[in-house]
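The values are calculated or read from the model by the stated rules, or taken from the named source; none is laboratory data. Bear in mind that the values here come from a model prediction, so they are computed numbers and not experimental data. So basically every Cβ, Gly included, is an ideal-geometry build from the backbone, and we count neighbours across all protein chains shown.
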Amino acid sequence: MIDCGHSVLVSVIMPAFNASLFIAESIDSVSAQTYRNWELLVIDDGSTDATPAIVHSKAAQDRRIRYLHQENGRQAKARNLGLLHARGELVAFLDSDDLWLKDKLEIMVREFRAGDQDLLFSESYIFEERFQPDGEQHPNEKRMGVIAREYSGYDGLSEFLEINRIPILTVLCKTSILKNLLFNENAAPAEDYDLWLRMLIGGYKFRAITVPLAAYRLHPCSATAGDRLATDTVIANIHALRQSISDQTLRELIDRKLRGWLRRKLRMVVDWGQLERFIDMLRELHLAPNLWIADVLNRMSNILFRMGKKVLGKQL
């Protein structure tokens, strides 16, 4: 049982790669927390810009900020290095371009103490240009759509297999659990989603609250800017997860949900090259072609229709 009073130390893990444009603002949103008992571990993932200098400057002003360096290995490896060095009983995550509201940790630690969960997460804002985390109200900002509920067991896994429901920048989790499981470094850029699925399979419980306590920044340089769901990676990760499970009931559940992800991917196909790569994916995953004939033919007809409209438009 974790005592979540002000005595509990929270380790905040922040991966950073060439993050000089936004990282000072992200660090400042941690420094501004009303909850004071935290440590911030900034893991420099081989940056070649001013990121190290900015972090060292911030660390000189606040001894709770620690700088760690690794050769470029992407976010999952950086987060695992942060977990290795984390000293807190609870761990939180914040990427170097995102922000926290000033009472994020205070509310989350209080909620963690009041609830029965291994991982707690909250609602988050979404923004593109500027966001003032010290403002009291943000009525016009978009939100992630987190709902207040618990997730565990078969039903929780079923819901999470449909989509990643956790904004990682809002997470508060027992450090001992994540030190044991770690992020799968081969599952990037969807390593967080892979971890949540493995936790649910392992019997851990999640709880969500609807208070927006963070702000996720949309910009073209983010890891999943081209596909926010990282669909190809998620399909590969879920398929690999299925291969590691012997329980037939869970395998059947994963099969059903995996077909949903494949249909989502097929809807993204817009030309012959992409369609060919999709069919290659089906072959690599050893999925029965007869399950997909109708879907593929339907997408082929859609592509032909688009091509026909384009040709006719040029002729006119």
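Any residue at all in the range 94-102 that's aromatic (F, W, Y) and in contact with a His (Cβ under 7 Å, 6 or more places away or on another chain)? No, that holds for no residue. In the range 23-43, of all residues being touching a helix residue (DSSP H, G or I) at 6+ places or on another chain (Cβ under 6 Å) and in a loop (DSSP other than H, G, I, E, B), the one that is nearest to V8 (Cα to Cα) corresponds to Y35. Picking from residues in the range 32-45 that are without any contact (Cβ under 8 Å) to a residue 60 or more places away in the chain and surrounded by 15 or more Cβ atoms within 10 Å (Cβ to Cβ), the one that is farthest from the chain's Cα centre (by Cα) is N37.
Residue-level check: of (1) closer than 19 Å to L99 by Cβ; (2) touching a helix residue (DSSP H, G or I) at 6+ places or on another chain (Cβ under 7 Å), G145 misses just (2). Pairs are defined by a Cβ separation below 9 Å, a sequence spacing of at least 6 or placement on different chains, a first member in the range 120-134 that is modelled with pLDDT of 90 or more, and a second member that is acidic (D, E) and part of a loop (DSSP other than H, G, I, E, B); the pairs so defined are S124/D98; Y125/E141; I126/E141; F127/E141. For S96, the requirement of being over 24 Å from W196 (Cα atoms) and touching a residue at least 24 places away in the same chain (Cβ under 8 Å) is not met. Within the range 44-66, the set of residues being over 18 Å from L9 (Cβ atoms) and outside any loop (DSSP other than H, G, I, E, B) comprises D44, D45, T51, P52, A53, I54, V55, H56, S57, K58, A60, Q61. Within the range 68-91, identify whether any single residue is part of a strand (DSSP E or B), charged (D, E, K, R) and in the same structural domain as P167 (by TED's automatic domain parsing), and answer yes or no. Among the residues of the range 68-91, not one is part of a strand (DSSP E or B), charged (D, E, K, R) and in the same structural domain as P167 (by TED's automatic domain parsing), which makes the answer no.
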